[in-house]
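The values are calculated or read from the model by the stated rules, or taken from the named source; none is laboratory data. Here the structure is a predicted model, which means the values were calculated and not measured. Because the Cβ atoms are built from the backbone with ideal geometry, glycine has one as well, and the counts that use them run over all protein chains shown. Protein only, heavy atoms only, side chains kept; ligands, DNA and RNA dropped before computing areas. Shrake-Rupley method; radii C 1.70, N 1.55, O 1.52, S 1.80 Å.
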Amino acid sequence: MVMNGIDILEKENFKSLMNKKIGIITNFSFVNKNMEFMIDKMISNGVNIVKIFTPEHGLYGLPDGKEYDNEVHPKYNIPVISLYGDNKKPKKEYLEDIDLLVYDIQDVGLRFYTYIYTLAYCMISADENDKDFMILDRINPLGRKVYGGRMKDEYKSFVGDYELPLRYGLTCAETGLYYKKLLGLKLDLKIIKVEGWNGETFDKTDLMWNVPSPNLPDFESTIAYAGNCFFEATNISEGRGTTKPFTYIGAPWIDNDDLYEKLKENFKDLNIRKREFIPMFSKHKDILCHGVEFFPNDNDNFFEISLFIMNYLNKYDQYEINDRFKGLVGENSLKDIDHKEWNDQAKQFIEYTKDILIYEKGLELL
């Protein structure tokens, strides 16, 4: 049985939080093994939560990229502070009445997922303001595999920073330890570890899928998102606005007979079908797109699949790649990708993180 950090904390009746003024950094993924929302359970058990800090998507699941303002929790009258938008780092005045910051957000183990930068900024603010910090750890649903070059300073942003590879294999607590080492932070970092997990992917556990963001409704979407997120830097639909985001790829002008054949020829074990779809929002809204549908499993390397498709699409005059490519992929253009260099940098990252791992199974190349 896998028990995330919050389950362990609850089993201990939240004793490490008692008699402290707590700031929770979390969102809708703050649930225990039984999918009970833990703000409710903490408050009913006497934990003094004085502020709630929320990342992208807010406390309830706002659309991707939508900025939002501070508010007051409608049930508990607790300030809810937005850490997405102009203010991504907790201000000093927000921390003055807090003894301990507690972070618990379900992550996916991919560099372009913004929650890990909220974690970094909160740790930096805690370090600057002499606040204790606790991470309630959760499994990395993609396991311990590492892929891709480390993020270059010239392309760093809120979707890629701190020399992380594309897929980094760490849990959020280990990511916190990585930041502490990389940035030389002195803060007192407490960790509640996961029990019963040693690096397995989500599908090998007994956990229910804890939706990390609105467009990752299941584990299969998350596997595909690992590479198909790159299409956010193009005019190709990555399936946003459909019931299967990131498992559909297409556009109105693609010859999907040809795309299908090329993919089957180059990725023989890939499970796909030709697919027509009409996005209800986002790119090509209400327009028929021709493309493919993926049926992912964890043996698929969607980074390689997506980069293959991006190169293949150069045959179309309508195909466009925009400047977001640099922030998502970490290179100036497709032709600048050096897979040997990426592999070497991934190995460097694995070596650098050996002393901060808190689970027996180490990191390995994808």
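What you get for the range 137-272, charging only the Cβ of Lys and Arg (+1) and of Asp and Glu (-1), is a dipole of about 660 debye around the Cα centre. Under 16 Å of direct C-alpha separation, and excluding same-chain neighbours fewer than eight residues apart, Lys11 reaches these lysines: Lys33, Lys41, Lys193.
The shape of the range 97-202 comes out oblate: with a ≥ b ≥ c from the C-alpha gyration tensor, a/c is at least 1.5 while a/b does not beat b/c.
Accessible surface for Arg167 stands near 10 Å², nearest 10, in the context of the full protein assembly shown (1.4 Å probe).
When the surface is traced with a 1.4 Å probe over the full set of protein chains, Ser333 keeps roughly 30 Å² accessible.
With a cut-off of 17 Å on the backbone N, the residues of the range 2-23 near the modelled label site 7 Å out from Asp99 along Cα-Cβ are 13-23. Between the range 142-200 and the range 299-366, the C-alpha centres lie 16 angstrom from each other.
When Lys and Arg each count +1 and Asp and Glu each count -1, what net charge do the other residues less than 12 Å away from Met3, Cβ to Cβ, add up to? Please list the in-between numbers first.
Numbers: positive: Lys11, Lys33, Arg138, Lys193; negative: Asp7, Glu10, Glu12, Asp137, Glu195, Asp206.
Around Met3, the charge tally is -2.
For the range 213-259, just run the numbers: alpha carbon Rg, then divide by 2.2 N^0.38 Å, N being how many residues it has. Write down the numbers at each step before the final one.
On the way: Rg = 10.7 Å, N = 47, 2.2 N^0.38 = 9.5 Å.
My calculation over the Cα atoms of the range 213-259 gives 1.12.
Of the chymotrypsin sites (Phe, Trp or Tyr not before Pro) found in the range 6-109, those in coil by DSSP whose Cβ has at most 13 other Cβ atoms within 10 Å are Tyr60, Tyr76.
Hey, can you find the accessible area per residue of the chain for me, probe 1.4 Å, expressed in square angstrom? Don't skip to the answer; put the middle values down first.
Working: 15010 Å² over 366 residues.
With the other protein chains kept in place, the chain gives 41 Å² per residue.
Residues with beta-carbon under 9 Å from that of Met151, excluding Met151: net charge, scoring Lys, Arg +1 and Asp, Glu -1? Mind showing how you got there, number by number?
Details: positive: Arg111, Arg150, Lys152, Lys156; negative: Asp153, Asp161, Glu163.
Here the count lands on +1.
When the Cα positions of Leu216, Asn198, Leu177 are compared along the charge dipole of the range 147-256, Leu177 comes out farthest toward the positive end, with charges on each C-beta of Lys, Arg, Asp and Glu.
Taking the Cβ of Tyr68 as the center, what net charge do the other residues with Cβ under 15 Å away carry, scoring Lys and Arg +1 and Asp and Glu -1? Show your work: numbers first, answer last.
Details: positive: Lys66, Lys88; negative: Glu56, Asp64, Glu67, Asp69, Glu71, Asp86.
Result for the neighbourhood of Tyr68: -4.
As a fraction of the 1.4 Å probe accessible area of the chain, surface on carbon and sulfur atoms comes out at 46 percent.
Find, among the chymotrypsin sites (Phe, Trp or Tyr not before Pro) in the range 279-341, those assigned to loop by DSSP (not H, G, I, E, B) with at most 11 other beta-carbon atoms within 10 angstrom.
Numbers: sites: Phe281, Phe294, Phe302, Phe303, Phe308, Tyr312, Tyr316, Tyr319, Phe325; in loops: Phe281, Tyr316, Tyr319.
Sites meeting the loop and neighbour criteria: Phe281.
Charges at C-beta only: +1 for Lys and Arg, -1 for Asp and Glu. How large is the resulting dipole of the range 61-164 about its Cα centre, in Debye rounded to 20?
On the way: 14 positive and 20 negative charges, 123 e Å.
Computed about the Cα centre, the dipole is about 600 debye.
For the chain, what is the percent of antiparallel DSSP beta bridges, rounded to the nearest 5? All intermediate terms of the calculation are to be shown ahead of the outcome.
Numbers: 19 of 42 bridges.
Antiparallel: roughly 45 percent of the beta bridges in the chain.
Rounded to the nearest 20 debye, the dipole magnitude of the range 5-98 is 320 debye, with +1 charges on Lys and Arg beta carbons, -1 on Asp and Glu beta carbons, and the Cα centre as origin. Shown here: percent of Cα pairs over 35 Å apart, derived from the displayed model; of the candidates (1) 44; (2) 24; (3) 20, it corresponds to (2). Restricting the trypsin sites (Lys or Arg not before Pro) of the range 290-361 to loop positions (DSSP other than H, G, I, E, B) with no more than 15 neighbouring Cβ atoms within 10 Å leaves Lys361.
Take the chain, mark every one of the GluC sites (Glu not before Pro) that falls in a DSSP loop and has at most 13 other Cβ within 10 Å, then report the longest stretch left between them, sites excluded.
Working: sites that count: Glu12, Glu36, Glu67, Glu96, Glu320, Glu360.
The longest uninterrupted stretch comes out as 97-319.
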